[in-house]
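The values are calculated or read from the model by the stated rules, or taken from the named source; none is laboratory data. Please read these numbers as outputs of a predicted model, since none were measured by experiment. Virtual Cβ from ideal backbone geometry, glycine too; neighbours counted across all protein chains shown. To get the accessible areas, we keep the full protein, side chains included, count just its heavy atoms, and leave off ligands, DNA and RNA. Shrake-Rupley method; radii C 1.70, N 1.55, O 1.52, S 1.80 Å.
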Amino acid sequence: MITVRICVGTSCHLNGGHNVISSFQHMIEENGLHDKVTLEAAFCMRECTKSGVTVTVNDEKYRVEPEKARSFFKEKILPLTIG
Ligand code: FES
């Protein structure tokens, strides 16, 4: 199981955290990955910056811009679900 955590702290929320969550939910739906990927909300991970949302994929940290959430999912999460 791949665990993806999306920060819902104030700064990340203001940077579009909700949009990142909903993009990831759509990608999971479209690719039938409910049994492979779990999404969790996380508190502030002390990585707040002016842009992007903190996301961890199996504890590896990334910053994700909401408009790039789908391509991030394709590049960093989808390959982990294969095999
Ligand atoms: S609010 Fe997300 S890392 Fe601080």
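Taking Lys68 as the anchor, which lysines have their alpha carbon closer than 18 Å to its alpha carbon, excluding any fewer than eight residues away along the same chain?
Here the lysines satisfying the reach criterion relative to Lys68 are Lys50, Lys76.
Using a probe of 1.4 angstrom, how much of the accessible area of the chain is carbon and sulfur, in percent?
Values: 2590 of 5070 Å².
C and S fraction of accessible area: 51 percent.
Taking Cα atoms, how many degrees apart are the long axis of helix 17-31 and the longest axis of the chain, rounded to 10 and kept between 0 and 90?
With both axes taken from Cα atoms, the answer is about 0 degrees.
Can you pull the Kirkwood radius for the chain, inverse mean 1/r over Cα pairs, to one decimal in Å?
Taking the inverse mean of 1/r over all distinct Cα pairs, the chain comes out at 12.4 Å.
Just by accessible area at a 1.4 angstrom probe, what is the order of Thr54, Thr38, Thr49, Thr10 from largest to smallest?
Thr10, Thr49, Thr38, Thr54
Report the charge-dipole magnitude of the range 2-81 in Debye, nearest 20, computed about the Cα centre from +1 at each Lys and Arg Cβ and -1 at each Asp and Glu Cβ.
Details: 10 positive and 10 negative charges, 50 e Å.
Roughly 240 debye for the range 2-81.
No partner Cβ under 4.7 angstrom, meaning no disulfide-compatible partner by this rule: which Cys of the chain qualify?
Within the chain, the cysteines lacking a partner Cβ under 4.7 Å are Cys44, Cys48.
Counting alpha carbon pairs within less than 8 Å and at least 6 residues apart, what relative contact order, in whole percent, applies to the chain?
About 41 percent, as a whole number.
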